[in-house]
1. Find the residue count for segment A:1-60, including only residues that are modelled with pLDDT of 95 or more, open to solvent by less than 70 Å² (accessible area, probe 1.4 Å), over 18 Å from A:Val105 (Cα atoms) and touching a helix residue (DSSP H, G or I) at 6+ places or on another chain (Cβ under 7 Å).
2. Do the conditions hold for A:Arg92, that is, is it under 30 Å from B:Leu37 (Cβ atoms) and either of a type outside the set (S, T, N, Q) or modelled with pLDDT under 95 (or both)?
3. Hey, among B:Val103, B:Val156, which residue is under 21 Å from A:Asn137 (Cα atoms), in contact with a Ser or Thr (Cβ under 8 Å, 6 or more places away or on another chain) and buried (at least 19 other Cβ atoms within 10 Å of the Cβ)?
4. Failed condition for A:Gly113, given (1) within 12 Å of another protein chain (Cβ to nearest Cβ); (2) surrounded by fewer than 22 Cβ atoms within 10 Å (Cβ to Cβ); (3) out of contact with any helix residue (DSSP H, G or I) (no Cβ under 9 Å at 6 or more places or on another chain), with all others met?
5. Away from every other protein chain (no Cβ under 12 Å) and either in contact (Cβ under 8 Å) with a residue 40 or more places away in the chain or farther than 18 Å from B:His65 by Cβ (or both) - does that describe any residue in segment A:79-100?
6. Picking from A:Arg52, A:Arg92, which residue would you name as being part of a helix (DSSP H, G or I) and within 30 Å of B:Pro42 (Cα to Cα)?
7. Might you let me know whether segment A:115-132 holds any residue that is aliphatic (A, V, I, L, M), closer than 22 Å to A:Leu36 by Cβ, in contact (Cβ under 8 Å) with a residue 12 or more places away in the chain and outside any helix (DSSP H, G or I)?
8. List every residue pair whose Cβ atoms lie under 7 Å apart, where the two residues are 6 or more positions apart in sequence or sit on different chains, the first residue falls within segment B:137-155 and is within 7 Å of chain A (Cβ to nearest Cβ) and under 24 Å from A:Gly98 (Cα atoms), and the second residue, located anywhere, is modelled with pLDDT of 95 or more and exposed (fewer than 13 other Cβ atoms within 10 Å of the Cβ).
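The values are calculated or read from the model by the stated rules, or taken from the named source; none is laboratory data. Not measured: the values here are computed from a predicted model. Backbone-built Cβ (ideal geometry, glycine too); neighbour counts: all protein chains shown. Areas reflect the complete protein model, heavy atoms only, side chains present, ligands, DNA and RNA absent. Shrake-Rupley method; radii C 1.70, N 1.55, O 1.52, S 1.80 Å.
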Number of protein chains: 2
Amino acid sequence: MEQTLPSAAAAAGGDGEAYLIRPLELADISKGFLDLLNQLSPSPPLAEEAFRARFEELAALGADHLVLVAEDAATGRLAAAGALLVERKFIRRCGRVGHVEDVVVDAAARGRGLGERVVRCLVEHARGRGCYKVILNCTTELTGFYAKCGFVEKNVQMGLYF
Amino acid sequence: MEQTLPSAAAAAGGDGEAYLIRPLELADISKGFLDLLNQLSPSPPLAEEAFRARFEELAALGADHLVLVAEDAATGRLAAAGALLVERKFIRRCGRVGHVEDVVVDAAARGRGLGERVVRCLVEHARGRGCYKVILNCTTELTGFYAKCGFVEKNVQMGLYF
């Protein structure tokens, strides 16, 4: 699930717009992963130990859970992230569905197609896992972005908040 | 996660409207579980071996995955089902979200509040797992039903079909 740039030299010597899309690593806590998530949903700081514990829990799901990040090849900082959870069902002859979650692009890196690259990689991962569809929920403001990524409007998302 | 009826005698001696909400069991393949799912999403028959394998995969997720069924106490047949998948996130300080999936009530058992009972039990399970919210996707025709279960309309669900 790693997408490399056409040329490593181009990635390193470019204008700062070269990004590597790759799975999240434990070391990403020091590359701005939490700052990025904070732009999606502001939260009090997360202790490194809690990050590490959650990372391990998700790793135990194997290829049924994937977090991808976009790393700026010039600075080593993360500029985007997104997650995919594979749900195993009984319907559709024990079908699988991919759930795209928590897609975010750093405010300073928007407009470069990074979000779309992350989403398309997540979709390809779901395809590789044998999912018959990929779904996500978004605000009406974002439907245009996801349409560009290949999604169509389908249903209503409802929520119950504790 | 078992909800028992107020009185076993009432359940057994009633008018056939007494149901037990309980977790799915392997033996449910012979109690109409697949017929029920077929009403949700028609599919070619599923082999017992495939059902058993998927059941075991889901059991490995522990309390992060739950399928509930409503069993007719008089006939032993299943009249409703629904599933909950707990997603572990990094956002919201490593928060958890419950996803309600594949809720179905047998055509002959509708109008008895079974769907609502199953959904409310799934929601309670999510609460017990520490989820900060429960979400689901449905058609516009079903928003009224889920509003009755405590859900509010929130976002747009989009899908990409392979």
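1. Looking only at that region, the number is 5.
2. On the way: under 30 Å from B:Leu37 (Cβ atoms): yes; either of a type outside the set (S, T, N, Q) or modelled with pLDDT under 95 (or both): yes.
Considered against the rule, which asks whether it is under 30 Å from B:Leu37 (Cβ atoms) and either of a type outside the set (S, T, N, Q) or modelled with pLDDT under 95 (or both), A:Arg92 comes out as yes.
3. Among B:Val103, B:Val156, only B:Val156 is under 21 Å from A:Asn137 (Cα atoms), in contact with a Ser or Thr (Cβ under 8 Å, 6 or more places away or on another chain) and buried (at least 19 other Cβ atoms within 10 Å of the Cβ).
4. For A:Gly113, the exception is condition (1).
5. Just the residues of segment A:79-100 that are away from every other protein chain (no Cβ under 12 Å), to begin with: A:79-80.
Add one more test, that the residue is either in contact (Cβ under 8 Å) with a residue 40 or more places away in the chain or farther than 18 Å from B:His65 by Cβ (or both), and what stays is A:79-80.
Within segment A:79-100, one or more residues are away from every other protein chain (no Cβ under 12 Å) and either in contact (Cβ under 8 Å) with a residue 40 or more places away in the chain or farther than 18 Å from B:His65 by Cβ (or both).
6. On the way: A:Arg52 fails: within 30 Å of B:Pro42 (Cα to Cα).
Criteria check complete, one pass: A:Arg92.
7. The answer is no, given that none of the residues of segment A:115-132 is aliphatic (A, V, I, L, M), closer than 22 Å to A:Leu36 by Cβ, in contact (Cβ under 8 Å) with a residue 12 or more places away in the chain and outside any helix (DSSP H, G or I).
8. Here the result reads B:Asn155/A:Thr139, each pair linking segment B:137-155 to a residue that is modelled with pLDDT of 95 or more and exposed (fewer than 13 other Cβ atoms within 10 Å of the Cβ).
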